[in-house]
1. At a threshold of 8 angstrom on Cα-Cα distance, excluding pairs fewer than six apart, so keeping six or more, what relative contact order does the range 68-197 reach in percent?
2. Could you work out how far the C-alpha centroid of the range 269-346 sits from that of the range 1-56, in angstrom?
3. Where does the chain land at 222 nm, in deg cm²/dmol rounded to the nearest 500, when only DSSP H runs of n ≥ 4 count, each adding -39500 (n - 2.57), divided by all residues?
4. Which GluC sites (Glu not before Pro) from the range 1-73 combine a DSSP loop assignment with at most 15 other Cβ atoms within 10 Å?
5. Classify the chain: rounded, prolate or oblate, from the alpha-carbon gyration tensor (a ≥ b ≥ c, eigenvalue square roots; a/c under 1.5 rounded; otherwise prolate if a/b is larger than b/c)?
6. Note down the relative contact order for the chain as a percent, whole number, built from C-alpha pairs under 8 angstrom at least six residues apart.
7. All other residues with a Cβ under 11 Å from the Cβ of Gly107 taken together, and with Lys, Arg as +1 and Asp, Glu as -1, what is their net charge?
8. With the contact rule set at Cα under 8 Å and sequence spacing of 6 or more, what percent relative contact order holds for the range 94-170?
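The values are calculated or read from the model by the stated rules, or taken from the named source; none is laboratory data. Keep in mind that what you see is a predicted model, and the values were worked out from it rather than measured. Cβ sites come from the backbone with ideal geometry, for glycine too, and all protein chains shown count toward neighbours. When the accessible area is computed, the model is the full protein with side chains, heavy atoms only, and any ligands, DNA or RNA have been set aside. Shrake-Rupley method; radii C 1.70, N 1.55, O 1.52, S 1.80 Å.
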Amino acid sequence: MKQVDLRSDTVTLPTQEMLEAIVHAQLGDDVLGEDPTVMALEDLAAEKMGKESALLVTSGTQANLVSLMAQTHRGEEVILESESHIYYYEVGGLSAVAGLVPRTLKGHRGVLDPRDIEAAIRPPDIHQPHTALICIENTHNRAGGTVVTPKQIESINEVAKEDKIGLYMDGARIFNAAVALEVDPKQLTRHVDSLMFCLSKGLSAPIGSLVVGSHDFVERARRIRKMLGGGMRQAGVIAAPGIVALEKMVDRLREDHDNAKRLADGLARIDRISIDLPSVQTNIIIFDVGGLSMTGPEFTAQLGRRGVKALDYGGTLVRMVTHRGIEKDDVDRALEAVKQIAEGSD
Ligand SMILES: Cc1ncc(COP(=O)(O)O)c(C=O)c1O
């Protein structure tokens with residue numbers, strides 16, 4: 001029986017075209033600035049995001065760490081959403097490695113209110129840390145793949161710029177946001193100083209993320225990447241499938257969103273499953289199984305026995321993510337499995 005793997009869009013495997021691109025990639029030593037395929041990917045990424053420059057790094061976590069370190073000093077404060085990936089899932093690297101103080105604010109469906117940010121920015125006071133950076137996440141993972149609109153980003157940036165503070169976007173899934181909003185990604189990047197996005201999630205590339213921003217920022221990020229052990233030699237083998245991802249894999253994200261909607265609507269119709277439908281805006285679905293008197297791990301274990309994989313998301317929350325390789329039939333199979341569990345027919 002085929003497994004329906006809804007744990008994450010990171011489980012997507014490279015396409016045949018990506019594998020062929022790896023075989024034919026022109027390579028060189030990228031630490032010496034001599035890998036033409038890496039340079040081509042970085043140029044393409046900068047162009048697509050409407051910024052001066054870009055840098056290939058190993059992962060989204062490394063992209064966030066390098067980006068934060070390139071625009072802050074130890075002991076400074078960063079403002080983030082309280083369930084942001086940087087704060088929640090990156091092993092505390094922002095404090096342990098970058099020496100930063102996180103100031104978390106609760107957002108609405110993952111989106112920070114500019115008034116809350118304004119109130120949180122530190123005044124010039126000898127006792128207080130300096131607010132160095134504001135971070136937003138688009139799409140917001142733990143909020144259920146919710147989008148931050150260009151208008152919302154602009155409003156946050158207005159507050160940031162009043163105090164000359166940088167605005168950074170963890171855009172791991174920026175293309176999901178762009179596709180859902182039907183806007184060019186540049187509309188989402190116009191009002192941020194810097195950002196990162198991932199190649200290895202819905203875009204299906206095997207490895208890699210890009211840090212994007214001004215020349216100066218990217219050159220600082222390059223030195224920090226090296227310090228963190230992220231200087232890669234013939235990294236064209238990573239960049240080549242990344243180019244295919246950017247050129248060929250963006251438009252199909254719409255299918256993932258359609259499947260996510262089908263899955264969310266189906267879950268909403270199952271008794272005692274609780275789901276906030278308006279938060280299902282892209283390819284991530286988070287729902288609550290507390291009504292079944294089960295914890296997330298108990299529920300996902302039962303689901304697993306029916307050939308469907310989902311992620312326990314803490315307490316009674318469960319996450320499912322649609323991606324390339326998940327078809328309508330798979331969604332229906334997952335719904336059938338949830339229905340059986342809800343009806344207590346284990
Ligand atoms: C919003 C967000 N940022 C950053 C990351 C980190 O990416 P990686 O797993 O490549 O380190 C993820 C991963 O799921 C994410 O969802």
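1. 24
2. Cα centres, the range 269-346 to the range 1-56: 31 Å.
3. The helix contribution divided over the chain gives -12000 deg cm²/dmol.
4. Glu34, Glu52
5. Oblate.
6. After rounding, I find 25 percent.
7. Counting the neighbours of Gly107, the net charge comes to -2.
8. Worked out over the range 94-170, it gives 31 percent.
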